[in-house]
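The next block holds one structure in the form of structure tokens; read it before the comments.
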Amino acid sequence: MRFNITDAVKHLIIINVVMFIGTITLGNGHLFDTLFTMYFPTNDLFKPWQVITHMFMHGGPAHIFFNMFALWMFGTPVEQRLGTKKFLFIYFSAGFGALLFQLGYYYYDYFSAMQVVSELGMNSELLHKIMNIDALDGEYIRGEILHQKMIPFLNEYNFTNNINDNQFKALFDLNIVNRSAMVGASGCIMGILAAFGMMNPNAKLMLIFLPIPIKAKYFIPGLILLDIISALTGQSFFSPSNTAYMAHVGGAVIGFIIMYFWKKNDMNKYRWN
């Protein structure tokens with residue numbers, strides 16, 4: 001079997017691999033994360049260029065391996081069929097769509113929590129410091145750590161209002177949203193996967209962990225549905241629990257919309273006026 005890879009796919013894989021090597025080797029493994037990961041816009045680490053650079057960042061060997069494998073497997077036939085320019089248009093449009101969907105999901109939690117926190121009458125500087133507290137214990141943010149680290153800030157600003165359980169939960173939620181981070185090409189690849197499915201609806205696909213061949217026209221909507229359920233319930237099926245599920249949904253939706261209009265316009269050329 002001959003190994004085929006198209007130019008854009010090859011160069012995207014190279015860029016992703018180079019970025020991953022930089023991530024794990026430079027600045028004690030933190031420099032690239034600090035500069036190129038996509039942070040929530042209220043976070044002190046947020047930079048405008050992160051809206052692009054996060055698409056080339058990955059969280060670990062398994063993350064980049066499966067993403068690059070999928071990029072090669074589905075990206076190559078899509079680029080061969082559409083050409084490099086259209087392929088890259090879908091790829092990056094899906095990446096931006098993924099970002100907007102995930103940020104929209106985060107902003108819903110952000111504004112919901114802000115409505116509760118506003119009852120405290122806390123000034124913006126104090127709130128900003130609380131939102132940027134590092135309360136991580138391993139991979140999880142802990143409420144007790146946040147509470148302990150809040151106290152010096154509350155004293156510094158002479159904040160004496162009582163914070164009830166509901167208000168503390170809102171502060172905790174704000175901290176989680178503010179410190180959320182996005183990395184990976186998954187949103188881009190979901191857009192390419194959707195395009196592949198539109199072009200090859202009867203192609204049989206399967207998951208590594210579920211080796212049952214399913215036609216693309218059922219397989220891809222099924223994956224999107226699982227991502228939506230995971231985002232709403234927190235229940236992970238085939239991905240790590242910290243996966244940005246709505247980014248997957250956003251990438252797939254944008255890929256589908258673009259291909260839908262391209263196919264529709266292509267068919268219009270053959271209709272009688």
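The values are calculated or read from the model by the stated rules, or taken from the named source; none is laboratory data. Quick caveat, the model's predicted, so the values are computed rather than measured. Counting neighbours? That spans all protein chains shown, and the Cβs are built from the backbone with ideal geometry, glycine included.
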Applying the selection to the stretch 103-119, what residues are among the hydrophobic types (A, V, I, L, M, F, W, C) and surrounded by 17 or more Cβ atoms within 10 Å (Cβ to Cβ)? Leu103, Ala113, Val116, Val117
Given (1) touching a residue at least 60 places away in the same chain (Cβ under 8 Å); (2) touching a helix residue (DSSP H, G or I) at 6+ places or on another chain (Cβ under 7 Å), number of the condition Gly143 does not satisfy: (1)
Can you pull out the residues in the stretch 1-42 that are surrounded by 11 or more Cβ atoms within 10 Å (Cβ to Cβ) and among the aromatic types (Phe, Trp, Tyr)? Phe20, Phe32, Phe36, Tyr39, Phe40
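Could you check how many residues of the stretch 123-157 are β-branched (Val, Ile, Thr) and over 14 Å from Ile176 (Cβ atoms)? Show your work before the answer.
Residues of the stretch 123-157 β-branched (Val, Ile, Thr): 130, 133, 141, 145, 151.
Imposing the further condition that a residue be over 14 Å from Ile176 (Cβ atoms) reduces the set to 151.
Of the residues in that region, 1 qualify.
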Gly191 - would you say it is closer than 30 Å to Lys264 by Cα, surrounded by 13 or more Cβ atoms within 10 Å (Cβ to Cβ) and either basic (Lys, Arg) or in contact with a Leu (Cβ under 8 Å, 6 or more places away or on another chain) (or both)? no
Considering only the stretch 148-157, I want to know if a residue exists there that is farther than 25 Å from His30 by Cα and either in a loop (DSSP other than H, G, I, E, B) or within 28 Å of the chain's Cα centre (by Cα) (or both). yes
Tell me the helices (runs of 4 or more DSSP H) entirely within the stretch 1-113 that contain at least 1 residues that are under 30 Å from Leu127 (Cα atoms) and in contact (Cβ under 8 Å) with a residue 24 or more places away in the chain. 31-36, 50-53
For the stretch 120-156, enumerate the residues that are loosely packed, with under 12 Cβ neighbours inside 10 Å and of a type in the set (D, E, K, R). Glu125, Asp134, Asp137, Glu139, Glu144, Glu156
Does Ala203 meet the test of being closer than 17 Å to Ala70 by Cα and at pLDDT 80 or above? no
Which one of the conditions (1) touching a Ser or Thr at 6+ places or on another chain (Cβ under 7 Å); (2) modelled with pLDDT of 90 or more does Ala195 fail to meet, given that it meets all the rest? (1)
